[in-house]
Amino acid sequence: MNILILGYGKMGKIISEIAQERGHTIVGKIDESNINLLDELDTNKIDVAIEFSQPDAAVKNLSWAIKNQIPVVCGTTGWLGKKPEIERLTLSNGSAFFYASNYSIGVNMFFKVSRFLAKMMNDQPDYAVKMEEIHHTEKKDAPSGTAITLAEDIIDRVNRVKRWDLDTDTDGNEHSLPITAKRIDPAPGTHIVTYHSEIDDIEIKHTAHSRKGFALGAVLVAEWIKDKKGVLSMDDFLSF
Ligand SMILES: NC(=O)C1=CN([C@@H]2O[C@H](COP(=O)(O)OP(=O)(O)OC[C@H]3O[C@@H](n4cnc5c(N)ncnc54)[C@H](OP(=O)(O)O)[C@@H]3O)[C@@H](O)[C@H]2O)C=CC1
Ligand SMILES: O=C(O)C1=N[C@H](C(=O)O)C[C@H](O)C1
């Protein structure tokens with residue numbers, strides 16, 4: 001399969017390595033410095049694009065892929081206000097777009113565990129919920145996309161929790177889910193959800209030991225999406 005890498009930073013580099021190990025060909029590595037190369041590529045020879053760039057670059061890159069009917073797998077976080085626009089563009093162009101805030105299989109299991117716990121906590125008003133995410137200091141967005149997914153899942157299931165708040169002291173406000181974002185090198189990504197009561201704490205935690213899980217997940221999705229159309233997500237891809 002011929003893969004175009006949109007965003008050749010920490011993630012783009014590991015994705016390229018893993019894709020090549022799995023027998024794929026990288027037909028281009030696009031960065032801010034060589035973005036003009038997009039005009040020179042033979043789009044008919046690209047099977048899938050994988051986009052891990054930065055929040056202010058994602059929409060332009062995704063639009064380019066979608067308009068050229070290249071299925072695109074996106075991992076960039078921090079741009080989600082524009083996601084409905086990208087989804088409409090995908091459908092009107094008959095193309096394929098896949099977004100996940102986290103491509104690691106372990107994190108997607110963690111999402112399921114968190115949803116299950118949240119459902120039970122809806123009937124346990126003595127517990128207050130909070131979250132912490134820890135990432136490397138080069139990360140541009142906060143809270144992480146993964147933390148936002150976890151928070152939205154909790155808000156959907158625990159009726160008393162109405163919103164999340166970043167780095168603010170909302171202690172005692174049962175309607176708020178406070179998220180603390182820490183930036184400590186070299187943390188690839190840690191997420192902790194805590195339910196606290198006077199009697200006890202229940203805590204679930206996922207710690208990534210490297211970026212390999214994110215990158216492998218993105219390549220596996222790229223292999224899967226090649227001949228698909230529409231707006232797709234981990235719920236379509238995963239069998240658990
Ligand atoms: N969904 C998931 O599972 C994961 C998502 N991520 C997300 O992926 C994104 C990238 O992470 P990471 O690789 O660590 O970040 P990096 O900062 O290491 O890499 C981003 C790259 O994008 C490049 N870039 C900037 N502008 C453009 C542009 N217009 N077109 C193409 N490339 C551009 C940068 O180039 P230059 O250096 O020249 O500015 C840089 O090389 C982040 O949003 C992060 O949150 C990260 C890990 C997992
Ligand atoms: O920027 C990162 O590094 C990561 N970003 C994603 C996020 O924002 O959730 C996924 C992972 O946690 C690493």
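Defining a contact as two alpha carbons under 8 Å apart and six or more residues distant in sequence, what relative contact order in percent does the chain show?
Computed value for the chain: 21 percent relative contact order.
Suppose R0 equals 30 Å; then what is the FRET efficiency for residue 69 and residue 139 from their Cβ-Cβ distance, rounded to the nearest 0.05?
Approximately 0.40, to the nearest 0.05.
Arrange the peptides 156-168, 8-20 so that the one whose residues have, on average, the most other Cβ atoms within 10 Å appears first.
Ranked by mean Cβ neighbours within 10 Å, highest first: 8-20, 156-168.
Find the Rg to Rh ratio for the chain, where Rh is the Kirkwood radius over alpha-carbon pairs and Rg uses the same atoms.
Computed over Cα atoms, the ratio is 1.00.
Quick one: what are the phi-derived ³J(HN,Hα) couplings along segment 192-202, Karplus 6.51/-1.76/1.60 with θ = phi - 60°, whole Hz, x for glycine and proline?
10, 10, 10, 10, 10, 9, 4, 7, 7, 10, 10
Can you sort 97, 110 from fewest to most other Cβ atoms within 10 Å of each residue's own Cβ?
110, 97
Which far-off residues, 5 or more places away or on another chain, put their amide H under 5 Å from the one on residue 51, with H placed in the peptide plane?
Excluding prolines and chain starts, which carry no amide H, the hits are 6, 73, 74, 75.
In whole Hz, what ³J(HN,Hα) sequence does segment 24-36 give by Karplus (6.51, -1.76, 1.60; θ = phi - 60°), x for Gly and Pro?
8, 10, 8, 8, x, 10, 9, 10, 4, 6, 10, 4, 5
Students often get this wrong, so check it: of 45/67; 112/228; 45/83; 83/205; 13/45, which have C-alpha atoms separated by over 23 Å?
Among 45/67; 112/228; 45/83; 83/205; 13/45, the Cα-Cα distance tops 23 Å for 112/228; 45/83; 83/205.
I need 116, 111 ordered by Cβ neighbour count within 10 Å, fewest first.
116, 111
Place a label point 7 angstrom from the Cα of residue 92 along the Cα-to-Cβ direction, then list the residues of segment 43-84 whose backbone nitrogen is under 14 Å away.
The answer is 63-64, 66-68, 84, whose backbone nitrogens lie closer than 14 Å to the label point.
Count charges around residue 131 for me, please; just the other residues with Cβ under 12 Å from its Cβ, Lys/Arg as +1, Asp/Glu as -1.
Surrounding charge for residue 131 is -4.
Run down the aspartates and glutamates and flag those whose C-alpha is under 17 Å from the C-alpha of residue 60, throwing out any fewer than 8 positions away in its chain.
Result set, ordered by chain and number: 31, 32, 39, 40, 51, 85, 87.
Quickly estimate the mean residue ellipticity at 222 nm for the chain, helices only: each DSSP H run with n ≥ 4 gives -39500 (n - 2.57), and the total goes over all residues, rounded to 500.
-10500 deg cm²/dmol
Here, each number is a calculation from the coordinates, and none is a lab measurement. Owing to the predicted nature of the structure, the values given are computational and were not obtained by experimental measurement. Neighbour counts run over all protein chains shown; Cβ positions are idealised from the backbone, glycine included.
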